[in-house]
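*Asks:* Right, I'll just put the structure down here and ask away after.
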Amino acid sequence: MGESGGRRRFLKSVGALSAAVPAGAVAQHHAHGAAPSEKYMFLSAAEVAFLDAAVARLIPADNLGPGAKEAGVTYFIDQQLFGGFGTMAKMYRQGPHGEGTPQQGYQSPLTPQEVYRVAIGEINGACAKQYGQPFEKLASAQQDEVLRALDEGKFPLEAVPARFFFNLLLDNTIEGFFSDPIYGGNRDKIGWKLVGFPGVAAVYTQHVEKYGVPYDALPISIVDILENKATLDETGHPKHVLLTRKD
C-alpha cells in the first residue's frame, strides 16, 4: 500500500507462509478475475471486484514482479471462506468477544464469511456515499486512503471493527501470496519466486556445510508433485533444479 520500493523488504520480513485449510466444493458460479479453470464458490461478483482492487494495493505489481491480484489472492480468499476457515468449523465460537490482544487470536462473534460479507458491503456503501462509486472504481490514492483508515480504525464500520477487518484482509492476502498454489493463490509461484523460496523441501545434506552460499532453485509446489511435473528421488523428495545466480 506504500511505496513499491519497500515491497521486497516487507515481503522478505514476513517470509513464506502457508494457508491452513484447503477448500471444498459445492455450488459454483463464474466471476471475473479468475483463471479459466477457477470458479468462485462464496464471493459475489461485487466482492471479487472489491478484493481484486484491495489486494492489488496491499501487494502491488511493480518492477519486482506481479502483485497479489496477479497471484490469484482473491481466489485463494474465496476458497478459504468457502471451506472450514470461513465458517470457523473447528474453532471455539462462544463469548465473551472482547477486542483482545494480537496474541489472543480471532475475537469476533462473526465467522470470517460474515466478516468479509458485511465489511465489504459497508465499505462499498460508504465509498459510494463519499466518492460516488464503489471501492474498486476509486483512484489508487483514494483506495489507499480507505485502506489506511481501516488500518487505523477510523473507517466507520458498524458490524465489525475496521481494524479487525483490515488485519484479517492483510493476513489472508499475505497467506494467499505465499501459500502453496494447491490452495488457490500464489499463481505461477509468484510469491515464492519473489523471495527465493524453493517450495516443497528437498534433501539438503550435500549443502549443509556450504555456509553463506545462496540456495537458488526453481520452486516446486505440491501441485507439481501431484501432476508429475517434479522429479522425485528414491526417498520421495523432489529434486530441485538449481539456478545460476546472476551478480
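The values are calculated or read from the model by the stated rules, or taken from the named source; none is laboratory data. No experiment lies behind these values; they were computed from the predicted model shown. Ideal geometry is used to build each Cβ from the backbone, glycine not excepted, and the neighbour counts take in all protein chains shown. Note: areas computed on protein heavy atoms with side chains; ligands, DNA, RNA excluded. Shrake-Rupley method; radii C 1.70, N 1.55, O 1.52, S 1.80 Å.
*Asks:* Listed here are the pairs Lys137/Lys229; Lys193/Lys239; Lys129/Lys193; Lys154/Lys189; Lys69/Lys210; which of them are more than 29 Å apart at the Cα?
*Replies:* Lys137/Lys229; Lys129/Lys193; Lys154/Lys189; Lys69/Lys210
*Asks:* Share of segment 41-200's accessible area from carbon and sulfur, percent, 1.4 Å?
*Replies:* Details: 3610 of 7000 Å².
Of the solvent-accessible surface of segment 41-200, carbon and sulfur hold 52 percent.
*Asks:* For segment 137-247, what does the relative contact order come out to in percent, with C-alpha contacts under 8 Å and a separation of six or more? Present the calculation step by step, with values, prior to reporting the outcome.
*Replies:* On the way: 110 pairs, mean separation 19.1, N = 111.
The value is 17 percent.
*Asks:* Quick one: how many Å² of Thr235 are accessible to a 1.4 Å probe, rounded to 10?
*Replies:* 80
*Asks:* How would Asp188, Asp144 line up by accessible area, probe 1.4 Å, largest first? Don't jump to the answer; show the numbers that get you there.
*Replies:* Working: Asp188 105, Asp144 20 Å².
Order by accessible area, largest first: Asp188, Asp144.
*Asks:* Over segment 100-247, with the other protein chains present, what is the accessible area per residue in square angstrom, probe 1.4 angstrom?
*Replies:* Working: 8360 Å² over 148 residues.
Roughly 56 Å² per residue, with all protein chains present.
*Asks:* For Ala159, what charge total do you get from the other residues with a beta carbon under 13 Å from its beta carbon, if Lys and Arg give +1 and Asp and Glu give -1?
*Replies:* Working: positive: Arg117; negative: Glu114, Glu122, Glu158.
Net of charged neighbours comes to -2.
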